[in-house]
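One structure is given here, and the rest of the page talks about it.
The values are calculated or read from the model by the stated rules, or taken from the named source; none is laboratory data. Predicted model, so just to flag it, every value in this text is computed and none were measured. Counting neighbours? That spans all protein chains shown, and the Cβs are built from the backbone with ideal geometry, glycine included. SASA here: full protein model, heavy atoms, side chains in, ligands and nucleic acids out. Shrake-Rupley method; radii C 1.70, N 1.55, O 1.52, S 1.80 Å.
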Amino acid sequence: VCSSDLALIISSSASNPSNSAIATPTSRVVSPRERRVVLHLGKCKYRLLRRVAKVCRMNFIEDDTDLQGQSDFNILWGDTMIPLARLKEFQPWQHFNHFPSMFNITRKHNLSITMGKMQKGLAHHFTFAPRSWSLKTDAESFRQYYSTLPDVDEEAKPVFIMKPNAGCQGKGIVLSKNPMSSVETPEDYVVQEYIDRPLLIEGRKFDLRVYCLVTSLKYPSIFVYNDGLVRLCAEAYEKPTQANMGNACKHLTNYAVNKKSEAYQKASSEGDFGSKRNFPWLNKWVDELPESSIGHDNRQSMATSIPSSPKENAGEPTRSAKLWSAIDDIIVKTVLSAQPKVRHAYNALFPQSNDGRTCFEVLGFDILIDHKLQPWLMEVNHTPSFVTGSQMDLHIKGSLIKEVMAVINPSSEDRSNAMQLMRHQYLAENSRSADAADPTAEEWVDTERPATKPSYMLSNKERAKRHEMFEDSAIANFRRVFPLSDMKENDEAEVPKAPKGNYIPTARPSCDINDQIESVLNPKDREMRSEIYTEILEYASKYNAAKSDPSRVKCQVTLESLEPTLNQVSTISELVSVVR
């Protein structure tokens, strides 16, 4: 159901069907008289962000010059990471849409390494990632694995998919039965086992683009969006052979690849037809699948015991709800596997008093479903595309960004509030020092203390809890996947009110299946899943400890700050002087 604001986005684009949006519209003039949130889009190419900014009554600026010394914005939204030296200068009221060190899961090479390490220590919790090797670091390991494969004819050999480390949009991807000899520079590729029996829609392979919002990793807070993209191949699927492995439109689901095919079908505005569809359509389709069309899995499965018609057992969660519960589990485990490194980098950049909300990130998880209805993690995108090639794209992505803004909830008063908070913290700290020498002070505090502590008296952990409570009250089409409800401590603090003029959605859409997904896990299963997440965090912290020294991040920040000076160095003596 489109809100009136979202309808404004869609109607504003009706006159211009080309929404790919590299062209930049005229910037809004930021007037000092206008007390509005300011969105910095100088590092963002997507027109959709500018449309949503207008709908949310934000000003936006498009100065693409160096950000050094700029502090006149609330949110910096960029397509790539900015230098750590600049991020370190962010003020408490400012936000950035990327975390430092998130590349540990968003780059193919690093994701392969991260998943490999987690599978070595917690193999039974990380069965969702196809076995992968980064040929930059694991070439010998792959050769050993390849040598153990049965000596059969060429057609019977297993197929591998090769992805370039720095590739995107399907560029450079190769299917091969002999990866080491298929490309000129194999060290630039990641090799992954190919899932050759995917679930098919109308005979075509597909994957899911699932949007995940991470609002903090200092105190992890993770959400999954209820809508997203079902991306179909343009041509009917065939098991890979030497004859068809070169046909990308049979094997790759990337929009950038398939849109060039004559067989590509533009998505309908309702999301129920074409080479792109939405999640409400997928949920209905999965629930109506005949039982005989689903294979059986030796691993713990989430689906095959559900009858083809959910009406037969009205009290049971639907098959689609069980599928989404498994996908949520994949997303949480993947993000938590990188959390220790991200947290170390974050803590090295910001003071201890930082509440962990300076950075946030919208991640795009690519999930493949096999013939057993088992989800597999393909990759994680740190900047999912916000190109809107259809009305369905516009609706899904526009609603997504609008709700992200509601959850982050920037305010034109954030700057003054942050300055007031710092002043109160300073006075409170000095007051506690004075109270320690005054034996009558504690008696006064006990009688006059308000029932709800003001923000400046809260610890970072208490402030994080308040943030979580507000986020839970602000979400409409997101669902929280971490922390689970039984992992939260009871807190009697009141939910902080949103600033005047906020743009929080007020109604949940009719396609919401949160209650169904909640019902998949009984209390015992939820407790078990919480224990697993705690175990993953402990293991990830253990193997990351040696490489997550904050001093490494501080050293990188120092080098970045010296870069302009180093560029002017012409002699060894000048270099020695700079280093000293």
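In nanometres, what is the gap between the two model label sites at GLN242 and MET422, each 7 Å from Cα along Cα-to-Cβ?
It works out to 6.8 nm between the two label points.
From the P(r) of region 115-228, can you give the percent of Cα pairs sitting at distances over 24 Å?
For region 115-228, the fraction of Cα-Cα distances above 24 Å is 42 percent.
For a bin width of 5 Å, list the pair-distance distribution of region 39-132 built from all Cα-Cα distances, rounded to whole %.
Taking all Cα pairs of region 39-132, the binned fractions are 3, 11, 18, 17, 12, 11, 10, 10, 8, 2 percent.
DSSP loop trypsin sites (Lys or Arg not before Pro) in region 242-294 with at most 15 other Cβ atoms within 10 Å of their Cβ, which ones? Spell out each step's value before the answer.
Working: sites: LYS250, LYS259, LYS260, LYS266, LYS276, ARG277, LYS284; in loops: LYS259, LYS260, LYS266.
Sites meeting the loop and neighbour criteria: LYS259, LYS260, LYS266.
Going down the list LYS157/LYS322; LYS239/LYS372; LYS88/LYS171; LYS54/LYS108; LYS45/LYS259, which pairs span over 27 Å between their C-alpha atoms?
With Cα atoms farther than 27 Å apart: LYS157/LYS322; LYS88/LYS171; LYS54/LYS108.
What whole number of Å gives the distance from the Cα centroid of region 510-539 to the Cα centroid of region 168-204?
Cα centroid of region 168-204 versus Cα centroid of region 510-539: 33 Å apart.
Sort 37-44, 122-129, 384-391 for me by packing, meaning the mean count of neighbouring Cβ atoms within 10 Å per residue, highest on top.
Values: 37-44: 22.4, 122-129: 16.2, 384-391: 20.1.
Order by mean packing, descending: 37-44, 384-391, 122-129.
Over region 89-241, what percent of the accessible surface lies on carbon and sulfur atoms, probe 1.4 Å?
Values: 2900 of 6020 Å².
Whole-percent figure for carbon plus sulfur exposure: 48.
Place a +1 charge on the Cβ of each Lys and Arg in region 350-426 and a -1 charge on the Cβ of each Asp and Glu, then give the dipole magnitude about the Cα centre in debye, rounded to the nearest 20.
On the way: 6 positive and 9 negative charges, 48 e Å.
Taking the Cα centre of region 350-426 as origin, the dipole is about 240 debye.
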